[in-house]
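Notes follow once the structure below has been shown.
The values are calculated or read from the model by the stated rules, or taken from the named source; none is laboratory data. Note that the coordinates shown come from a computational prediction; the quantities given were computed from them, not determined experimentally. Positions of Cβ are generated from backbone atoms using ideal geometry, with glycine treated the same way; all protein chains shown enter the neighbour counts. Areas reflect the complete protein model, heavy atoms only, side chains present, ligands, DNA and RNA absent. Shrake-Rupley method; radii C 1.70, N 1.55, O 1.52, S 1.80 Å.
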Amino acid sequence: MGFRLAAYAVCIEDERILLARCVLPTGGSNWTLPGGKVEQAEDPFDAVIREVVEETGYDAVVERLLGVDSRVIPAAEAWSGAEHQNVGIFYQVRITGGTLRPEANGSVAESVWTPIPEVARLRRSSLVDVGLALARTLPATGHVTHVPVGGLIQH
């Protein structure tokens, strides 16, 4: 089983959330949070800021740790075709500067500010729902109920 440690940015301003449209290797796309893999020897705190810059063009600062989500993605549902565990660390971030733009040479085609009520109608990663739940509830444990996939919600 593969393993991936990732850091994700939950950036909410004026009842809108910053989402990134990720182009899938299999074709199509879905919406997700800015973020991604924590590199070898990299601090997840630094990784989330790096990922926001890479994927959106924005500079950001971490305001707080929101929580952690761990899920096993079955091989049949994984982009790679191999079962793996994804451990995601979610941070509340605030944009401090920069200019919104697509990711250069990456999988993010665009990033947009999306009104929170519109999120439910988007084909999206379960990470979006986890991030919104953490930001809404701020659980002392840093954990929310598992978000099931299916329909518009994808791995």
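Some notes on this structure:
- Odd one out for A76, checked against (1) outside any strand (DSSP E or B); (2) surrounded by fewer than 14 Cβ atoms within 10 Å (Cβ to Cβ); (3) in contact (Cβ under 8 Å) with a residue 24 or more places away in the chain: (3)
- Options E51, E63, E55, E42; residue that is more than 16 Å from V149 (Cβ to Cβ), open to solvent by less than 60 Å² (accessible area, probe 1.4 Å) and over 13 Å from the mean Cα position of the chain (by Cα): E42
- Scanning the range 107-123 for residues that are open to solvent by 20 Å² or more (accessible area, probe 1.4 Å) and closer than 15 Å to N30 by Cβ yields S107, A109, E110, V112, E118, A120, R121, L122, R123.
- Within the range 32-61, tally of residues that are of a type in the set (A, V, I, L, M) and within 12 Å of I89 (Cα to Cα): 4
- Scanning the range 100-133 for residues that are more than 25 Å from W79 (Cα to Cα) and part of a helix (DSSP H, G or I) turns up I116, P117, E118.
- When residues of the range 26-46 are limited to those that are hydroxyl-bearing (S, T, Y) and at pLDDT below 95, the one nearest to S126 (Cα to Cα): S29
- Restricting the range 83-106 to residues that are aliphatic (A, V, I, L, M) and in contact with a strand residue (DSSP E or B) (Cβ under 7 Å, 6 or more places away or on another chain), the residue that is least open to solvent (accessible area, probe 1.4 Å) is V93.
- C22 passes every criterion in (1) at pLDDT 95 or above; (2) closer than 16 Å to H155 by Cβ; (3) of a type outside the set (A, V, I, L, M); (4) surrounded by 19 or more Cβ atoms within 10 Å (Cβ to Cβ) apart from (1).
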